[in-house]
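First up is the structure itself, then whatever we jot down about it.
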Amino acid sequence: MVAAPEHKLAVIGLGYVGLPLALAFGAVRPVVGFDVDKLRVAELTAGTDRTNETSPAEISDATFLRYTSELRDLDECTCFIVAVPTPIDRHKQPDFNPLIRATRSIAPILRPGGLVIYESTVYPGATEEICVPVLEEISGLTYNVDFFVGYSPERINPGDKNHRLRNITKVTAGSTAAVADVVDQIYRQIITAGTHRAPSIKVAEAAKVIENTQRDLNIALMNELAILFRILEIDTDAVIKAAGTKWNFMPFRPGLVGGHCIGVDPYYLTHKAEAVGYIPEIILAGRRLNDRMGAYVVAQLVKAMTKRRIQVDGAHILIMGYTFKENCPDIRNTRVRDIVQELGEYNCVVEVYDPWVAATALEHEDTVTLIPYPKRGKYDGIIMAVAHDEFKQTGPAEIRSFGSQSHVFFDLKSVFEPKASDLRL
(Lines give C-alpha, C1' and ligand atoms only; values in the text may rest on other atoms or scores of the structure.)
Protein backbone atom coordinates (compact mmCIF):
# COMPACT_ATOMS: atom_id res chain seq x y z
CA MET A 1 0.00 0.00 0.00
CA VAL A 2 1.37 3.40 -1.03
CA ALA A 3 2.00 5.79 1.87
CA ALA A 4 -0.26 8.84 2.13
CA PRO A 5 2.32 11.52 1.21
CA GLU A 6 3.44 9.57 -1.84
CA HIS A 7 0.02 9.33 -3.45
CA LYS A 8 -0.59 11.63 -6.41
CA LEU A 9 -4.10 12.99 -5.88
CA ALA A 10 -6.97 13.60 -8.25
CA VAL A 11 -10.41 14.92 -7.32
CA ILE A 12 -13.16 13.69 -9.64
CA GLY A 13 -16.06 16.14 -9.84
CA LEU A 14 -15.63 19.85 -9.13
CA GLY A 15 -19.06 20.76 -7.80
CA TYR A 16 -20.18 21.83 -4.34
CA VAL A 17 -18.24 18.95 -2.75
CA GLY A 18 -15.29 18.37 -5.03
CA LEU A 19 -14.11 21.94 -5.56
CA PRO A 20 -13.56 22.79 -1.86
CA LEU A 21 -11.63 19.53 -1.54
CA ALA A 22 -9.48 20.22 -4.58
CA LEU A 23 -8.75 23.76 -3.39
CA ALA A 24 -7.85 22.63 0.13
CA PHE A 25 -5.48 19.96 -1.14
CA GLY A 26 -4.18 22.27 -3.85
CA ALA A 27 -3.00 24.72 -1.20
CA VAL A 28 -0.68 22.14 0.40
CA ARG A 29 0.17 19.47 -2.21
CA PRO A 30 -0.11 18.74 -5.95
CA VAL A 31 -3.61 17.69 -7.05
CA VAL A 32 -5.48 17.40 -10.33
CA GLY A 33 -9.12 18.54 -10.35
CA PHE A 34 -11.18 16.77 -13.01
CA ASP A 35 -14.66 17.57 -14.28
CA VAL A 36 -16.46 16.51 -17.46
CA ASP A 37 -17.93 20.03 -17.78
CA LYS A 38 -15.39 21.85 -19.95
CA LEU A 39 -17.03 25.22 -19.27
CA ARG A 40 -16.74 24.60 -15.53
CA VAL A 41 -13.03 23.80 -15.93
CA ALA A 42 -12.51 26.95 -18.01
CA GLU A 43 -14.28 29.10 -15.43
CA LEU A 44 -12.25 27.68 -12.56
CA THR A 45 -9.03 28.11 -14.50
CA ALA A 46 -10.01 31.76 -14.89
CA GLY A 47 -10.66 32.00 -11.14
CA THR A 48 -14.48 31.96 -11.18
CA ASP A 49 -16.72 29.65 -9.14
CA ARG A 50 -20.34 29.82 -10.31
CA THR A 51 -21.57 28.18 -7.08
CA ASN A 52 -20.19 31.05 -4.95
CA GLU A 53 -19.08 28.45 -2.41
CA THR A 54 -15.43 29.43 -2.66
CA SER A 55 -13.75 32.82 -2.75
CA PRO A 56 -11.29 34.16 -5.32
CA ALA A 57 -8.65 34.09 -2.58
CA GLU A 58 -9.23 30.36 -1.96
CA ILE A 59 -8.91 29.69 -5.68
CA SER A 60 -5.70 31.71 -6.00
CA ASP A 61 -4.22 30.08 -2.87
CA ALA A 62 -4.49 26.61 -4.44
CA THR A 63 -1.18 26.99 -6.24
CA PHE A 64 -0.65 23.23 -6.56
CA LEU A 65 -4.03 22.58 -8.20
CA ARG A 66 -4.42 21.91 -11.91
CA TYR A 67 -7.85 21.74 -13.57
CA THR A 68 -8.71 19.47 -16.47
CA SER A 69 -11.52 17.79 -18.36
CA GLU A 70 -9.17 15.32 -20.05
CA LEU A 71 -8.80 11.86 -18.50
CA ARG A 72 -5.29 11.53 -19.90
CA ASP A 73 -4.18 14.19 -17.44
CA LEU A 74 -4.90 11.72 -14.62
CA ASP A 75 -2.50 9.04 -15.88
CA GLU A 76 0.08 9.64 -13.16
CA CYS A 77 -2.45 9.83 -10.31
CA THR A 78 -2.57 7.02 -7.76
CA CYS A 79 -5.35 8.26 -5.48
CA PHE A 80 -8.73 9.30 -6.83
CA ILE A 81 -11.27 11.10 -4.62
CA VAL A 82 -14.70 10.74 -6.22
CA ALA A 83 -17.14 13.55 -5.37
CA VAL A 84 -20.03 13.28 -7.82
CA PRO A 85 -23.80 13.59 -7.19
CA THR A 86 -25.94 10.64 -6.14
CA PRO A 87 -29.49 11.77 -6.98
CA ILE A 88 -32.78 9.87 -7.11
CA ASP A 89 -34.88 9.17 -10.20
CA ARG A 90 -38.54 10.08 -10.75
CA HIS A 91 -39.55 6.90 -8.91
CA LYS A 92 -37.52 8.06 -5.87
CA GLN A 93 -35.01 5.26 -6.36
CA PRO A 94 -31.23 5.77 -6.09
CA ASP A 95 -29.66 6.88 -9.36
CA PHE A 96 -26.10 5.56 -9.36
CA ASN A 97 -25.38 6.54 -12.96
CA PRO A 98 -23.12 9.53 -12.15
CA LEU A 99 -21.19 7.43 -9.61
CA ILE A 100 -20.82 4.50 -12.01
CA ARG A 101 -19.73 6.78 -14.86
CA ALA A 102 -17.06 8.35 -12.65
CA THR A 103 -15.91 4.91 -11.52
CA ARG A 104 -15.75 3.63 -15.09
CA SER A 105 -13.69 6.64 -16.14
CA ILE A 106 -10.93 6.09 -13.58
CA ALA A 107 -10.87 2.26 -13.67
CA PRO A 108 -8.72 2.03 -16.84
CA ILE A 109 -6.01 4.22 -15.28
CA LEU A 110 -6.06 2.52 -11.89
CA ARG A 111 -2.66 0.97 -11.18
CA PRO A 112 -1.46 -1.60 -8.61
CA GLY A 113 -1.30 0.04 -5.19
CA GLY A 114 -3.91 2.59 -6.25
CA LEU A 115 -6.55 4.02 -3.92
CA VAL A 116 -10.08 5.22 -4.72
CA ILE A 117 -11.86 7.26 -2.04
CA TYR A 118 -15.58 7.94 -2.40
CA GLU A 119 -17.32 10.95 -0.87
CA SER A 120 -20.72 10.56 -2.56
CA THR A 121 -23.63 9.74 -0.27
CA VAL A 122 -24.86 6.17 -0.69
CA TYR A 123 -26.63 3.48 1.32
CA PRO A 124 -24.54 1.26 3.63
CA GLY A 125 -22.67 -1.26 1.50
CA ALA A 126 -23.07 0.52 -1.86
CA THR A 127 -19.40 1.43 -2.29
CA GLU A 128 -18.30 -2.19 -2.16
CA GLU A 129 -21.41 -3.62 -3.83
CA ILE A 130 -21.64 -1.21 -6.78
CA CYS A 131 -18.33 0.59 -7.28
CA VAL A 132 -15.74 -2.05 -6.43
CA PRO A 133 -17.00 -4.64 -8.99
CA VAL A 134 -16.78 -1.98 -11.73
CA LEU A 135 -13.22 -1.14 -10.71
CA GLU A 136 -12.25 -4.82 -10.70
CA GLU A 137 -13.89 -5.62 -14.02
CA ILE A 138 -12.41 -2.75 -16.01
CA SER A 139 -8.98 -2.51 -14.37
CA GLY A 140 -8.38 -6.24 -14.17
CA LEU A 141 -7.05 -5.72 -10.65
CA THR A 142 -8.12 -7.49 -7.47
CA TYR A 143 -9.79 -5.58 -4.63
CA ASN A 144 -7.71 -5.33 -1.44
CA VAL A 145 -4.81 -7.02 -3.20
CA ASP A 146 -3.94 -4.77 -6.13
CA PHE A 147 -6.06 -1.72 -5.32
CA PHE A 148 -7.89 -0.36 -2.29
CA VAL A 149 -10.93 1.74 -1.47
CA GLY A 150 -11.72 4.39 1.13
CA TYR A 151 -14.81 6.31 2.09
CA SER A 152 -15.14 9.76 3.63
CA PRO A 153 -18.67 11.17 3.43
CA GLU A 154 -19.03 14.80 2.41
CA ARG A 155 -20.49 17.26 4.90
CA ILE A 156 -20.72 20.34 2.71
CA ASN A 157 -23.56 22.71 3.58
CA PRO A 158 -24.20 25.01 0.57
CA GLY A 159 -24.44 28.68 1.48
CA ASP A 160 -22.99 28.16 4.96
CA LYS A 161 -20.02 30.48 5.46
CA ASN A 162 -19.32 29.31 9.02
CA HIS A 163 -19.25 25.52 8.73
CA ARG A 164 -16.59 24.96 6.11
CA LEU A 165 -14.68 21.92 4.90
CA ARG A 166 -11.68 22.55 7.13
CA ASN A 167 -13.56 23.13 10.38
CA ILE A 168 -15.99 20.19 10.14
CA THR A 169 -14.85 16.87 11.61
CA LYS A 170 -14.20 14.42 8.77
CA VAL A 171 -15.31 10.80 9.03
CA THR A 172 -12.86 8.47 7.31
CA ALA A 173 -12.76 4.74 6.57
CA GLY A 174 -10.79 2.24 4.52
CA SER A 175 -11.17 -1.24 3.08
CA THR A 176 -8.41 -2.54 5.36
CA ALA A 177 -6.92 -1.29 8.62
CA ALA A 178 -3.78 -0.12 6.81
CA VAL A 179 -5.83 1.66 4.13
CA ALA A 180 -7.95 3.32 6.80
CA ASP A 181 -4.74 4.78 8.24
CA VAL A 182 -3.70 6.13 4.83
CA VAL A 183 -7.13 7.66 4.14
CA ASP A 184 -7.12 9.31 7.56
CA GLN A 185 -3.63 10.69 7.01
CA ILE A 186 -4.62 12.16 3.66
CA TYR A 187 -7.54 14.10 5.11
CA ARG A 188 -5.67 15.23 8.20
CA GLN A 189 -3.53 17.32 5.87
CA ILE A 190 -6.44 19.69 5.26
CA ILE A 191 -8.99 19.21 8.09
CA THR A 192 -8.19 21.43 11.06
CA ALA A 193 -11.18 20.16 13.07
CA GLY A 194 -9.74 16.66 13.07
CA THR A 195 -10.96 13.32 11.77
CA HIS A 196 -13.02 10.43 13.09
CA ARG A 197 -11.90 7.05 11.86
CA ALA A 198 -14.89 4.74 11.44
CA PRO A 199 -14.35 0.99 11.89
CA SER A 200 -15.57 0.15 8.38
CA ILE A 201 -16.73 1.67 5.12
CA LYS A 202 -20.30 0.54 5.86
CA VAL A 203 -20.29 2.39 9.18
CA ALA A 204 -19.08 5.57 7.50
CA GLU A 205 -21.72 5.24 4.77
CA ALA A 206 -24.45 4.68 7.37
CA ALA A 207 -23.27 7.62 9.48
CA LYS A 208 -23.64 9.99 6.55
CA VAL A 209 -27.05 8.80 5.43
CA ILE A 210 -28.58 8.98 8.93
CA GLU A 211 -27.32 12.52 9.50
CA ASN A 212 -29.76 13.81 6.91
CA THR A 213 -32.44 11.21 7.64
CA GLN A 214 -32.56 12.43 11.24
CA ARG A 215 -32.90 16.04 10.12
CA ASP A 216 -35.55 15.08 7.57
CA LEU A 217 -37.66 13.41 10.24
CA ASN A 218 -37.34 16.34 12.63
CA ILE A 219 -38.50 18.76 9.94
CA ALA A 220 -41.36 16.38 9.06
CA LEU A 221 -42.49 16.52 12.69
CA MET A 222 -42.45 20.32 12.62
CA ASN A 223 -44.36 20.34 9.32
CA GLU A 224 -47.03 18.12 10.81
CA LEU A 225 -47.22 20.35 13.88
CA ALA A 226 -47.51 23.42 11.65
CA ILE A 227 -50.48 21.83 9.87
CA LEU A 228 -52.08 21.01 13.21
CA PHE A 229 -51.41 24.45 14.68
CA ARG A 230 -53.02 26.12 11.67
CA ILE A 231 -56.20 24.12 12.35
CA LEU A 232 -55.98 25.14 16.01
CA GLU A 233 -55.32 28.78 14.96
CA ILE A 234 -51.97 28.90 16.79
CA ASP A 235 -48.89 30.63 15.36
CA THR A 236 -46.23 27.95 14.85
CA ASP A 237 -43.32 30.39 15.10
CA ALA A 238 -44.58 31.62 18.47
CA VAL A 239 -44.83 28.03 19.69
CA ILE A 240 -41.26 27.27 18.63
CA LYS A 241 -39.96 30.39 20.37
CA ALA A 242 -41.78 29.48 23.58
CA ALA A 243 -40.63 25.85 23.51
CA GLY A 244 -37.11 27.03 22.71
CA THR A 245 -36.75 28.49 26.19
CA LYS A 246 -36.09 24.93 27.43
CA TRP A 247 -32.41 24.04 27.22
CA ASN A 248 -32.81 20.73 25.38
CA PHE A 249 -35.48 21.71 22.87
CA MET A 250 -34.24 21.42 19.27
CA PRO A 251 -35.59 24.41 17.27
CA PHE A 252 -36.23 22.72 13.93
CA ARG A 253 -38.57 24.73 11.73
CA PRO A 254 -41.26 23.69 9.26
CA GLY A 255 -40.74 24.24 5.57
CA LEU A 256 -39.92 22.81 2.18
CA VAL A 257 -37.29 20.06 2.28
CA GLY A 258 -35.21 20.08 -0.86
CA GLY A 259 -31.59 20.09 -1.88
CA HIS A 260 -29.28 17.25 -2.75
CA CYS A 261 -29.03 15.85 0.78
CA ILE A 262 -31.98 16.00 3.17
CA GLY A 263 -34.64 15.41 0.54
CA VAL A 264 -32.66 12.64 -1.17
CA ASP A 265 -30.48 10.69 1.28
CA PRO A 266 -33.35 9.03 3.18
CA TYR A 267 -34.45 7.33 -0.04
CA TYR A 268 -31.04 5.67 -0.32
CA LEU A 269 -31.48 4.24 3.17
CA THR A 270 -35.07 3.12 2.58
CA HIS A 271 -34.04 1.51 -0.72
CA LYS A 272 -31.48 -0.64 1.08
CA ALA A 273 -33.88 -1.38 3.93
CA GLU A 274 -36.55 -2.64 1.54
CA ALA A 275 -33.95 -4.67 -0.37
CA VAL A 276 -33.23 -6.66 2.79
CA GLY A 277 -36.93 -7.08 3.61
CA TYR A 278 -37.43 -4.33 6.18
CA ILE A 279 -40.07 -1.63 5.68
CA PRO A 280 -38.83 1.62 7.31
CA GLU A 281 -42.22 3.03 8.23
CA ILE A 282 -41.16 6.14 10.14
CA ILE A 283 -38.57 7.26 7.59
CA LEU A 284 -40.98 6.82 4.69
CA ALA A 285 -43.79 8.57 6.57
CA GLY A 286 -41.54 11.58 7.12
CA ARG A 287 -40.56 11.61 3.45
CA ARG A 288 -44.17 11.46 2.29
CA LEU A 289 -45.17 14.33 4.54
CA ASN A 290 -42.27 16.53 3.49
CA ASP A 291 -42.83 15.78 -0.19
CA ARG A 292 -46.46 16.94 0.14
CA MET A 293 -45.66 20.33 1.64
CA GLY A 294 -45.61 22.15 -1.70
CA ALA A 295 -49.18 21.06 -2.39
CA TYR A 296 -50.17 22.05 1.15
CA VAL A 297 -48.72 25.54 0.72
CA VAL A 298 -50.67 26.07 -2.51
CA ALA A 299 -53.87 24.75 -0.92
CA GLN A 300 -53.56 27.30 1.89
CA LEU A 301 -52.89 30.11 -0.57
CA VAL A 302 -55.87 29.17 -2.73
CA LYS A 303 -58.13 28.94 0.31
CA ALA A 304 -57.05 32.41 1.50
CA MET A 305 -57.54 33.89 -1.97
CA THR A 306 -60.99 32.33 -2.27
CA LYS A 307 -62.04 33.82 1.08
CA ARG A 308 -61.09 37.23 -0.27
CA ARG A 309 -63.03 36.54 -3.49
CA ILE A 310 -59.85 36.68 -5.57
CA GLN A 311 -60.31 34.59 -8.71
CA VAL A 312 -57.77 31.78 -8.66
CA ASP A 313 -58.13 30.73 -12.31
CA GLY A 314 -55.75 33.01 -14.22
CA ALA A 315 -54.45 34.70 -11.06
CA HIS A 316 -50.97 36.22 -11.19
CA ILE A 317 -48.74 34.69 -8.52
CA LEU A 318 -45.27 35.88 -7.54
CA ILE A 319 -42.89 33.38 -5.95
CA MET A 320 -39.90 34.95 -4.26
CA GLY A 321 -37.04 32.47 -4.20
CA TYR A 322 -36.43 29.30 -6.17
CA THR A 323 -33.26 27.82 -4.68
CA PHE A 324 -33.57 24.97 -2.17
CA LYS A 325 -32.26 27.19 0.64
CA GLU A 326 -31.38 30.79 1.36
CA ASN A 327 -28.32 32.67 0.11
CA CYS A 328 -27.04 30.13 -2.39
CA PRO A 329 -27.66 29.51 -6.11
CA ASP A 330 -28.29 25.77 -5.71
CA ILE A 331 -31.60 24.67 -7.27
CA ARG A 332 -30.98 20.91 -7.05
CA ASN A 333 -34.15 19.16 -5.93
CA THR A 334 -35.74 22.45 -4.91
CA ARG A 335 -39.27 21.86 -3.63
CA VAL A 336 -40.29 25.35 -4.74
CA ARG A 337 -40.71 23.56 -8.06
CA ASP A 338 -43.63 21.68 -6.48
CA ILE A 339 -45.35 24.98 -5.71
CA VAL A 340 -44.91 26.20 -9.29
CA GLN A 341 -46.30 22.97 -10.73
CA GLU A 342 -49.22 22.86 -8.29
CA LEU A 343 -50.18 26.45 -9.10
CA GLY A 344 -50.11 25.47 -12.75
CA GLU A 345 -52.84 22.94 -12.02
CA TYR A 346 -55.03 25.89 -10.95
CA ASN A 347 -54.20 27.67 -14.23
CA CYS A 348 -52.35 30.43 -12.38
CA VAL A 349 -49.81 32.65 -14.13
CA VAL A 350 -46.65 32.18 -12.08
CA GLU A 351 -43.53 34.35 -12.09
CA VAL A 352 -40.41 33.62 -10.06
CA TYR A 353 -38.02 36.24 -8.70
CA ASP A 354 -34.71 35.01 -7.33
CA PRO A 355 -31.57 37.18 -7.51
CA TRP A 356 -29.43 34.13 -6.74
CA VAL A 357 -30.53 32.13 -9.79
CA ALA A 358 -29.10 32.73 -13.27
CA ALA A 359 -31.49 32.37 -16.19
CA THR A 360 -29.19 29.74 -17.69
CA ALA A 361 -29.74 27.53 -14.64
CA LEU A 362 -33.43 27.26 -15.55
CA GLU A 363 -33.04 26.44 -19.24
CA HIS A 364 -34.61 23.02 -18.72
CA GLU A 365 -37.35 24.26 -16.38
CA ASP A 366 -40.11 24.82 -18.92
CA THR A 367 -42.72 25.77 -16.31
CA VAL A 368 -40.64 28.48 -14.63
CA THR A 369 -40.69 32.12 -15.71
CA LEU A 370 -37.78 33.94 -14.07
CA ILE A 371 -38.13 37.72 -13.90
CA PRO A 372 -35.48 40.38 -13.16
CA TYR A 373 -37.67 42.20 -10.61
CA PRO A 374 -41.38 42.13 -9.71
CA LYS A 375 -43.79 44.78 -10.97
CA ARG A 376 -45.76 46.84 -8.49
CA GLY A 377 -49.47 46.25 -8.14
CA LYS A 378 -49.48 43.15 -10.34
CA TYR A 379 -49.87 40.01 -8.24
CA ASP A 380 -52.92 38.41 -6.66
CA GLY A 381 -50.77 36.15 -4.53
CA ILE A 382 -47.20 36.42 -3.25
CA ILE A 383 -45.25 33.54 -1.72
CA MET A 384 -41.90 34.29 -0.11
CA ALA A 385 -40.57 30.74 -0.41
CA VAL A 386 -36.88 31.30 0.36
CA ALA A 387 -35.47 33.58 3.05
CA HIS A 388 -32.71 35.22 1.02
CA ASP A 389 -31.08 38.17 2.79
CA GLU A 390 -32.13 40.37 -0.13
CA PHE A 391 -35.79 39.63 0.63
CA LYS A 392 -35.35 40.37 4.32
CA GLN A 393 -33.78 43.72 3.43
CA THR A 394 -36.57 44.47 0.96
CA GLY A 395 -39.05 44.31 3.83
CA PRO A 396 -42.76 43.49 3.95
CA ALA A 397 -43.95 46.92 2.81
CA GLU A 398 -42.03 46.74 -0.46
CA ILE A 399 -43.07 43.14 -0.99
CA ARG A 400 -46.69 44.10 -0.39
CA SER A 401 -46.35 46.78 -3.05
CA PHE A 402 -45.96 44.03 -5.64
CA GLY A 403 -49.49 42.89 -4.88
CA SER A 404 -52.72 44.09 -6.45
CA GLN A 405 -55.25 46.03 -4.40
CA SER A 406 -56.57 42.77 -2.97
CA HIS A 407 -53.89 40.10 -2.63
CA VAL A 408 -52.56 37.41 -0.28
CA PHE A 409 -48.98 37.46 1.04
CA PHE A 410 -47.70 34.09 2.27
CA ASP A 411 -44.53 34.41 4.36
CA LEU A 412 -43.58 30.77 4.09
CA LYS A 413 -40.40 31.09 6.19
CA SER A 414 -41.96 33.33 8.87
CA VAL A 415 -39.27 35.94 8.26
CA PHE A 416 -41.39 38.92 9.25
CA GLU A 417 -43.68 39.62 12.18
CA PRO A 418 -47.07 37.85 12.03
CA LYS A 419 -49.03 41.01 11.19
CA ALA A 420 -46.83 41.71 8.16
CA SER A 421 -48.26 38.84 6.14
CA ASP A 422 -51.57 37.03 5.62
CA LEU A 423 -50.22 33.50 5.93
CA ARG A 424 -47.27 31.84 7.63
CA LEU A 425 -46.25 28.23 7.82
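ALA180 satisfies every condition listed in (1) open to solvent by less than 10 Å² (accessible area, probe 1.4 Å); (2) closer than 22 Å to GLY13 by Cβ except (2). Here ASP160 meets each of (1) without any contact (Cβ under 8 Å) to a residue 40 or more places away in the chain; (2) in a loop (DSSP other than H, G, I, E, B); (3) surrounded by 22 or more Cβ atoms within 10 Å (Cβ to Cβ) with one exception, condition (3).
Considering only the range 175-203, state which residues are β-branched (Val, Ile, Thr) and outside any helix (DSSP H, G or I). Don't jump to the end; show me each part of the working.
Quick first cut of the range 175-203, residues β-branched (Val, Ile, Thr) only: 176, 179, 182-183, 186, 190-192, 195, 201, 203.
Within the range 175-203, THR176, ILE190, ILE191, THR192, THR195 qualify.
Kindly check whether there is at least one residue in the range 204-220 that is open to solvent by 20 Å² or more (accessible area, probe 1.4 Å), of a type outside the set (Asp, Glu) and not in a helix (DSSP H, G or I). No, the range 204-220 has no match at all. Within the range 91-108, restricting attention to residues that are within 17 Å of the chain's Cα centre (by Cα) and outside any loop (DSSP other than H, G, I, E, B), which residue is nearest to VAL264 (Cα to Cα)? By that ranking, first place goes to PRO94. The combined condition, being at pLDDT 95 or above and under 16 Å from SER152 (Cβ atoms), is fulfilled by GLY13.
Yes/no per residue for (1) among the polar types (S, T, N, Q); (2) at pLDDT below 95; (3) touching a His at 6+ places or on another chain (Cβ under 7 Å):
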residue: PRO133; (1), (2), (3): no, no, no
residue: ILE138; (1), (2), (3): no, no, no
residue: THR142; (1), (2), (3): yes, no, no
residue: VAL149; (1), (2), (3): no, no, no
residue: SER152; (1), (2), (3): yes, no, no
residue: PRO158; (1), (2), (3): no, yes, no
residue: ARG164; (1), (2), (3): no, yes, no
residue: THR169; (1), (2), (3): yes, no, yes
residue: ALA173; (1), (2), (3): no, no, no
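Anything in the range 401-421 that is under 30 Å from the mean Cα position of the chain (by Cα) and part of a loop (DSSP other than H, G, I, E, B)? List them, or say none. Passing the criteria: LEU412, LYS413, SER414, VAL415, PHE416, GLU417, SER421.
Where in the range 261-371 are the helices (runs of 4 or more DSSP H), entirely inside, with at least 1 residues that are open to solvent by 60 Å² or more (accessible area, probe 1.4 Å), within 18 Å of ARG424 (Cα to Cα) and out of contact with any helix residue (DSSP H, G or I) (no Cβ under 7 Å at 6 or more places or on another chain)? If you could, list the steps in order and put the result at the bottom.
Details: elements: 265-275, 281-291, 293-307, 336-345.
Fully inside the range 261-371 and qualifying: 293-307.
Taking the stated definitions as given, is THR172 in a helix (DSSP H, G or I), of a type in the set (Ser, Thr, Tyr) and more than 17 Å from the chain's Cα centre (by Cα)? No; evaluated as a whole, the condition is false for this residue.
So, of the residues in the range 221-246 that are open to solvent by less than 40 Å² (accessible area, probe 1.4 Å) and among the β-branched types (Val, Ile, Thr), which turns out to be farthest from TYR296 (Cα to Cα)? Looking at the filtered set, the residue picked out is ILE240. Once the range 109-132 is narrowed to residues that are more than 15 Å from ILE201 (Cβ to Cβ) and touching a helix residue (DSSP H, G or I) at 6+ places or on another chain (Cβ under 6 Å), the residue that is surrounded by the most Cβ atoms within 10 Å (Cβ to Cβ) is LEU110.
Among the residues that make up the range 96-108, is at least one of them open to solvent by 40 Å² or more (accessible area, probe 1.4 Å), of a type outside the set (Lys, Arg) and without any contact (Cβ under 8 Å) to a residue 12 or more places away in the chain? Checking the range 96-108: at least one residue is open to solvent by 40 Å² or more (accessible area, probe 1.4 Å), of a type outside the set (Lys, Arg) and without any contact (Cβ under 8 Å) to a residue 12 or more places away in the chain. Within the range 372-399, the set of residues being assigned to a helix (DSSP H, G or I), surrounded by 16 or more Cβ atoms within 10 Å (Cβ to Cβ) and more than 22 Å from the chain's Cα centre (by Cα) comprises THR394, PRO396, ILE399. When TYR151, TYR143 are checked against the criterion of being surrounded by fewer than 18 Cβ atoms within 10 Å (Cβ to Cβ), in contact with a strand residue (DSSP E or B) (Cβ under 8 Å, 6 or more places away or on another chain), hydroxyl-bearing (Ser, Thr, Tyr) and free of Cβ contacts under 8 Å to residues at least 60 places away in the same chain, a single residue qualifies: TYR143.
Scanning the range 233-255 turns up at least one residue that is among the hydroxyl-bearing types (Ser, Thr, Tyr) and free of Cβ contacts under 8 Å to residues at least 12 places away in the same chain.
The values are calculated or read from the model by the stated rules, or taken from the named source; none is laboratory data. The structure presented is a predicted model; accordingly, all values stated were derived computationally and were not measured. Cβ: placed from backbone, ideal geometry, glycine included. Neighbour counts: every protein chain shown. Calculation scope for accessible area: heavy atoms of the full protein, side chains included, ligands and nucleic acids excluded. Shrake-Rupley method; radii C 1.70, N 1.55, O 1.52, S 1.80 Å.
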